[in-house]
1. Residues that are within 11 Å of the chain's Cα centre (by Cα) and of a type outside the set (D, E, K, R): list the strands (runs of 3 or more DSSP E) wholly contained in the range A:24-106 that include at least 2 such residues.
2. Going by the conditions given, is A:Ile47 buried (at least 19 other Cβ atoms within 10 Å of the Cβ) and touching a residue at least 40 places away in the same chain (Cβ under 8 Å)?
3. Testing B:Val18 on (1) surrounded by 19 or more Cβ atoms within 10 Å (Cβ to Cβ); (2) within 14 Å of chain A (Cβ to nearest Cβ); (3) more than 28 Å from A:Leu97 (Cα to Cα), one condition comes back false. Which one is that?
4. Hey, among A:Ser66, A:Ser58, A:Ser95, which residue is more than 10 Å from every other protein chain (Cβ to nearest Cβ) and either closer than 25 Å to B:Glu45 by Cβ or not aromatic (Phe, Trp, Tyr) (or both)?
5. Could you tell me which of the residues A:Ser5, A:Ser27, A:Ser62, A:Ser9 is under 28 Å from B:Gly103 (Cβ atoms), out of contact with any strand residue (DSSP E or B) (no Cβ under 8 Å at 6 or more places or on another chain) and surrounded by fewer than 16 Cβ atoms within 10 Å (Cβ to Cβ)?
6. Report, ordered by the first and then the second residue, all pairs with beta carbons closer than 8 Å, sequence separation of six or more or different chains, a first member in the range B:49-60 that is more than 12 Å from B:Tyr32 (Cβ to Cβ), and a second member that is modelled with pLDDT of 90 or more and exposed (fewer than 15 other Cβ atoms within 10 Å of the Cβ).
7. In this structure, is A:Arg36 basic (Lys, Arg) and either in contact with a Phe, Trp or Tyr (Cβ under 7 Å, 6 or more places away or on another chain) or crowded, with 19+ Cβ neighbours inside 10 Å (or both)?
8. Wholly within the range B:1-106, which strands (runs of 3 or more DSSP E) include no fewer than the required count, namely at least 3 residues that are closer than 28 Å to A:Gln41 by Cβ and modelled with pLDDT of 95 or more?
Amino acid sequence: GAGVSQSPSNKVTEKGKDVELRCDPISGHTALYWYRQSLGQGLEFLIYFQGNSAPDKSGLPSDRFSAERTGGSVSTLTIQRTQQEDSAVYLCASSSLSNSNQPQHFGDGTRLSIL
Amino acid sequence: DAKTTQPNSMESNEEEPVHLPCNHSTISGTDYIHWYRQLPSQGPEYVIHGLTSNVNNRMASLAIAEDRKSSTLILHRATLRDAAVYYCILQESNFGNEKLTFGTGTRLTIIP
């Protein structure tokens, strides 16, 4: 069956440009999470959606980062005025219910490289 | 968040059982114990989770100590495909944000 899909799989851009990363969760999953994985920091939480609402944005590193989710499905993570320290793999996960009895299903991520 | 402690790395021979330990001495009564693994160039993959009783599924078994301060992930017969970083994570059992807090995990190497 279809899993979590992320696009693009790789993105190379110049410092200062804006980028938009997309996540298509598993159909019917109400909870959606963004994480990022960098060499220096390991795997860290960014933001959580329940439906179209984002009750927890505490992991977003700066106001250059924003995310939205529409129709309770697709989510986009936008990074404005990218910096070199934004280089990382950005991972999206979804789960069917927002409670700890449900596993999170991850996509394979978008590898973002800032030149 | 309650912390977990895992060995940085382990090695095991192919086709033999693997026991991956995890210490979580500050676990609270409502924390679930989750295991995920991450193969090279892939996102993390759910393996198994439990609360108090031992659990089995098609991928692995989870043995939880009686005092819940430690647990062991058991791969019954390791294959080369099991080479990955394994993460032991505690998650509070309340509705709401169930974000995962990843540590550094155990890098498992399978020797052919």
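1. Because the criterion is at least 2 residues that are within 11 Å of the chain's Cα centre (by Cα) and of a type outside the set (D, E, K, R), the strands (runs of 3 or more DSSP E) in the range A:24-106 that meet it are A:31-38, A:42-50, A:65-69, A:75-79, A:88-95.
2. It is false that A:Ile47 is buried (at least 19 other Cβ atoms within 10 Å of the Cβ) and touching a residue at least 40 places away in the same chain (Cβ under 8 Å).
3. So the condition that B:Val18 fails would be (2).
4. Working: A:Ser58 fails: more than 10 Å from every other protein chain (Cβ to nearest Cβ); A:Ser95 fails: more than 10 Å from every other protein chain (Cβ to nearest Cβ).
Answer to the selection: A:Ser66.
5. Working: A:Ser5 fails: out of contact with any strand residue (DSSP E or B) (no Cβ under 8 Å at 6 or more places or on another chain); A:Ser27 fails: under 28 Å from B:Gly103 (Cβ atoms); A:Ser9 fails: out of contact with any strand residue (DSSP E or B) (no Cβ under 8 Å at 6 or more places or on another chain).
Exactly one of A:Ser5, A:Ser27, A:Ser62, A:Ser9 is under 28 Å from B:Gly103 (Cβ atoms), out of contact with any strand residue (DSSP E or B) (no Cβ under 8 Å at 6 or more places or on another chain) and surrounded by fewer than 16 Cβ atoms within 10 Å (Cβ to Cβ), namely A:Ser62.
6. Partner pairs satisfying both residue conditions: B:Ala60/B:His76.
7. So A:Arg36 fits the description; yes.
8. Values: elements: B:9-13, B:18-23, B:31-38, B:45-50, B:61-64, B:70-75, B:84-92.
Fully inside the range B:1-106 and qualifying: B:9-13, B:18-23, B:31-38, B:45-50, B:70-75, B:84-92.
The values are calculated or read from the model by the stated rules, or taken from the named source; none is laboratory data. This is a predicted model, so every value here is computed, not measured. Because the Cβ atoms are built from the backbone with ideal geometry, glycine has one as well, and the counts that use them run over all protein chains shown.
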